[in-house]
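Trainee: Questions regarding the structure given below will be posed in turn.
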Amino acid sequence: MKRIWFALINSINGIKVAWKNEQAFKDEILLMLIMVPAAIFLAPDKISFILMVGSLLLVLALELMNTGVEAAIDRIGEEIHPLSKIAKDTASAAVLIAWLMVVFVWVTILFF
């Protein structure tokens, strides 16, 4: 139980750091504050609601991973390196793909 408790504390700290330092994370949280209540009213069933909210949570998870990759790369050094660019760009692309999933899920549920 002690390990689980410390893992929870570390996770909460990670969310706090992202909220403090990452504007994209703040924007996504604020967008979720609008979209989750919308999903409550718009989702035709429980599974649709789970998919709509789950796709939003995936964006947040990948945004946190993107922040972690960027921090690790920046910790290594400030110089521009092709591998650092690949790491940062691909982590950012993962967030983009998650947003595309949000659009796909929401459009499919609401319009088809």
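Trainee: Can you give the accessible area of Asp89, probe radius 1.4 Å, in Å² rounded to 10?
Mentor: 80 Å²
Trainee: Okay, moving on. Of Ile86, Ala71, Ser55, which is farthest towards the positive pole of region 48-112's charge dipole, taken about the Cα centre with +1 and -1 on the beta-carbons of Lys, Arg and Asp, Glu respectively?
Mentor: The residue sitting farthest along the positive end of the dipole is Ser55.
Trainee: Just want to confirm a number: the relative contact order over the chain, from Cα pairs under 8 angstrom separated by 6+ residues, in percent. Each step should come with its number before you reach the end.
Mentor: Numbers: 64 pairs, mean separation 32.7, N = 112.
Reported relative contact order: 29 percent.
Trainee: Right, something else. Holding the Cα-Cα limit at 27 Å, pick out from Lys26/Lys85; Lys2/Lys85; Lys16/Lys88; Lys2/Lys88; Lys20/Lys46 the pairs that are longer than that.
Mentor: Lys2/Lys85; Lys2/Lys88; Lys20/Lys46
Trainee: Still on this model: Which value, in debye to the nearest 20, gives the size of the charge dipole of the chain about its Cα centre, when Lys and Arg are +1 and Asp and Glu are -1 at the Cβ?
Mentor: 440 debye
Trainee: Exactly which GluC sites (Glu not before Pro) in region 37-94 are in a DSSP loop and have at most 16 other Cβ atoms within 10 Å?
Mentor: Glu78, Glu79
Trainee: Report ³J(HN,Hα) in whole Hz for each residue of region 34-51, in order, from the Karplus equation J = 6.51 cos²θ - 1.76 cosθ + 1.60 where θ = phi - 60°; Gly and Pro get x.
Mentor: 8, 6, 5, x, 4, 4, 4, 8, 9, 5, x, 7, 5, 5, 4, 4, 4, 5
Trainee: Moving on to the next point. When P(r) over Cα pairs in 10 Å bins from 0, in percent is calculated directly from the model, which label among (1) 13, 35, 31, 17, 4, 0; (2) 15, 55, 29, 1; (3) 11, 26, 23, 25, 13, 2 fits?
Mentor: Step by step, P(r) over Cα pairs in 10 Å bins from 0, in percent for this structure corresponds to label (1).
Trainee: Expressed as a rounded percentage, what relative contact order does region 51-112 have, with Cα pairs under 8 Å and six or more residues apart?
Mentor: 54 percent
Trainee: So if the hydrodynamic radius of region 1-67 is defined as the Kirkwood radius over C-alpha pairs, what does Stokes-Einstein give as its diffusion coefficient at 20 °C and 1.002 mPa s, in µm² per second?
Mentor: The calculation lands on 162 µm²/s.
Trainee: Computed FRET efficiency, Cβ-Cβ of Leu30 and Lys2, R0 25 Å: what is it to the nearest 0.05?
Mentor: 0.10
The values are calculated or read from the model by the stated rules, or taken from the named source; none is laboratory data. As the structure is a prediction and not an experimental result, all values here were calculated from the model. Neighbour counts run over all protein chains shown; Cβ positions are idealised from the backbone, glycine included. With ligands, DNA and RNA removed, areas are computed over all heavy atoms of the protein, side chains included. Shrake-Rupley method; radii C 1.70, N 1.55, O 1.52, S 1.80 Å.
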